[in-house]
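Below: the structure, in C-alpha cells.
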Amino acid sequence: MGLDRAASINDLRLRAKRRIPRFAFDLVDGGAENERNMRRNSEAFQEVELTPRYMVDVSKIDTTVTVFGQTYDAPFGMAPIGMLNAFWPGADLTLARLCKAQNIPYVASSASSTTLEALAEAADGNGWFQLYVSSDAAVTEGLIARAEAAGYTTLMVTADVPAAGKRDRDIRNQLAVPFRFTPDVILQCAMNPRWALTSLEYGAPNVANYANLLQGATSYAEVQKTLITPGFTWDDLKRLRARWKGRLLVKGILHAQDAVTCAELGCDGIVVSNHGGRQVDFGPPTIEALPAIADAVAGRMTVILDSGIRRGADMLRAKALGADFAFAGRAFAYGVGAGSDAGAQKAFEILHLELVRALGQLGVSTFDDVGPTHLGKYRMK
C-alpha cells in the first residue's frame, strides 16, 4: 500500500512493519510483558461515546489551542520516544521539523538518538524537553543545564519509570545498545534494504545525550539503569521545581492524589500517561484514569493525556473527559517509518483531518467548545 492510499494510522503501521527490520520495529511497537495495557490504551477510547448535536454552523472549524501561553494549530503534539532513529534513521529530526512546520509541540526525549541541542534547533521554539531523573544527580543537573542553554522553556519530568519495564519482544530480539550485528540481525537488515541503506547514511543509533557515559554499555537494560532512579520522590520533585525556572510538567500520572500533590508542589501541568503501555502491563488505560484526575485538579493546572491516541476523535473523547491537550507518540513514529518525511506528514494529516471531521460531526466549531455535555455513555469504572 502506498502512502496515498493510507487511510488510517493503522495503515501506516502496517506499511512501516513491512519496511523495518523486526528488532527495530518491535523496539517502538512493543509493550510490557503480555502487552495488555498497551492494547487497552487504544481500545478503551472506543468505550467513550460522544453525542452529536446538529443544526449547528460548522462551516468553519478552528483546531487552535493555547497551552502555557503559546498558541498551537492543533490540540496534539509529538510525545517523547527514545532511540527513535533505530526505528527509522533520522526520525528525530524529521518529526521535530514536522512539528515546527505544523505549529505543534515536539517533546525531545532524554533518550533520543539526536542531541537535545539539535532537536531544539529543529523544533525552533516548539520544543519541550522530557527529563529522566538519573540515579546520578550530576547527570540530571547536566541535562537540565543543557536544556536551559538550548532554549527549552518547558520541562516534562517522567515519573513512571522507577524500574525498567520488561519488554518481552526486546528480550527475544536480544536488543543491545549499540546494536550487535548477529546473523539474524544481518538477515533482517538484508530483507529491508531501504532501512539498511538509510542507516548507513545516518550511522548506528545510540542514546545521544548520554554518549560519553554509555560507551561501555553492553545492553539496553544498562542504558535504562543510567536513565532512571528508583529513589525519585516527591522531595526530589520539589527540588526540581525550585531548580527549573520555566514551566514544569510531570509525566506518568495515573492517580488523582498524585495529581493533587503535583499541583500543591507548584507544577504547571501533568501528563496522564502509562508510558504507552511500555512500563507495566497491569495498569489502567489512560483514558480510564483521566476523569478522576481531571476532576481532582480542575482549574489548578493543565491536564494533558498521552498513550493510545490513534484517531482524531480520540482527542475529543479526552477533551470531554477533562484533558486540555493530547500527545501521540507511536502514531507519528508509524508515519515516519512508513515513508520518512512524507510519511510523517501523512500521519499528521490523518490525525488532523479526522479531528476536523469529528468536530463537525459532533456539532462544534472549535476544540475548546468540547466538554462534558457532549459525553454519551461511557463504561469507565
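In order along region 96-106, the Karplus-derived 3J(HN,Hα) couplings, from 6.51 cos²θ - 1.76 cosθ + 1.60 at θ = phi - 60°, round to 4, 5, 4, 5, 5, 4, 8, 6, 10, x, 10 Hz, and Gly and Pro are given as x.
Which value, in debye to the nearest 20, describes the size of the charge dipole of region 205-337 about its Cα centre when Lys and Arg Cβ atoms bear +1, Asp and Glu Cβ atoms bear -1, and nothing else is charged? Spell out each step's value before the answer.
On the way: 15 positive and 12 negative charges, 75 e Å.
Around 360 debye, computed over region 205-337.
Sequence-ordered 3J(HN,Hα) estimates for region 249-262 from the Karplus curve with 6.51, -1.76 and 1.60 and θ = phi - 60° stand at 10, 10, 9, x, 7, 10, 10, 4, 5, 5, 5, 4, 4, 4 Hz, glycine and proline given as x.
At an R0 of 51 angstrom, the distance between the Cβ atoms of ASP235 and GLU201 translates into a FRET efficiency of 0.65.
On a per residue basis, the convex hull of the C-alpha atoms belonging to region 198-325 measures out at 168 Å³. Dividing the summed -39500 (n - 2.57) terms of all DSSP H runs of n ≥ 4 by the residue count of the chain sets its mean residue ellipticity at 222 nm at -13000 deg cm²/dmol.
Here GLU49, GLU201 are placed in order of increasing Cβ neighbour count within 10 Å, fewest first, which gives GLU201, GLU49.
For LYS251, the residues whose modelled amide H falls within less than 5 Å of its own, excluding neighbours fewer than 5 places apart on the same chain, are VAL157, THR158, ALA159, VAL271.
Residue-wise HN-Hα couplings along region 127-141, as the Karplus relation 6.51 cos²θ - 1.76 cosθ + 1.60 with θ = phi - 60° gives them from phi, are x, 10, 10, 9, 10, 8, 7, 7, 5, 10, 4, 5, 5, 4, 4 Hz; Gly and Pro carry x.
Taking 8 Å as the Cα distance limit and 6 or more residues as the minimum spacing, I'd like the relative contact order of region 237-302 as a percentage. Don't skip to the end; give the middle numbers.
Working: 81 pairs, mean separation 23.8, N = 66.
Rounded, it is 36 percent for region 237-302.
When a/c reaches 1.5 or more, the comparison of a/b and b/c decides; with that in mind, is the chain rounded, prolate or oblate per its Cα gyration tensor? Oblate is the answer for the chain, as a/c is 1.5 or above yet b/c matches or exceeds a/b. Close amide-amide hydrogen proximity is noted between LEU375 and THR51, each under 5 Å apart and 5 or more residues distant or on a separate chain (H modeled in the peptide plane; Pro and chain starts excluded).
Between ASP124 and GLU148, the modelled label-to-label distance comes to 2.7 nm, taking each label 7 Å out from Cα in the direction of the beta carbon.
Determine, for TRP128, TRP234, TRP195, TRP244, the number of other Cβ atoms within 10 Å of each Cβ, and report the residues in order from fewest to most. Don't skip to the answer; put the middle values down first.
Details: TRP128 25, TRP234 13, TRP195 22, TRP244 19.
Listing TRP128, TRP234, TRP195, TRP244 from fewest to most nearby Cβ atoms yields TRP234, TRP244, TRP195, TRP128.
Three principal axis extents describe the C-alpha atoms of region 223-288; from largest down they are 34, 30, 18 Å. You can think of it this way: the chain between THR71 and ALA137 has 20.3 nm of extra reach, that is 0.36 nm per residue less the Cα-Cα gap. For GLN279, the residues 5 or more places off, or on other chains, whose built amide H falls under 5 Å of its own are ALA32. Computed from the Cβ-Cβ distance with R0 of 25 Å, the FRET efficiency linking GLN174 to ASN10 stands at 0.35.
Taking every C-alpha pair closer than 8 Å and separated by at least 6 residues, the mean separation divided by the residue count of the chain gives a relative contact order of 29 percent. Summary of packing: across the peptides 321-328, 168-175, the per-residue average of other C-beta atoms within 10 Å ranks them, highest first, as 321-328, 168-175. Cβ screening of the chain for cysteine pairs under 4.7 Å finds these without a partner: CYS99, CYS189.
Hey, fewest Cβ within 10 Å first, where do TYR152, TYR334 land in order? Could you put the intermediate results ahead of the total?
Working: TYR152 26, TYR334 34.
Lowest to highest Cβ neighbour count: TYR152, TYR334.
Under a Cβ-Cβ cut-off of 12 Å, what is the net charge of the residues other than LEU254 that fall near it, where Lys and Arg count +1 and Asp and Glu count -1?
On the way: positive: LYS251; negative: ASP160, ASP258, GLU288, ASP306.
My count for the surroundings of LEU254 gives -3.
Values quoted throughout were computed directly from the atomic coordinates according to the rules given, and no laboratory measurement underlies them. In this text the structure is predicted, and so the values were computed from the model without any measurement. Here the Cβ is made from the backbone with ideal geometry for all residues, glycine too, and neighbour counts use every protein chain on show.
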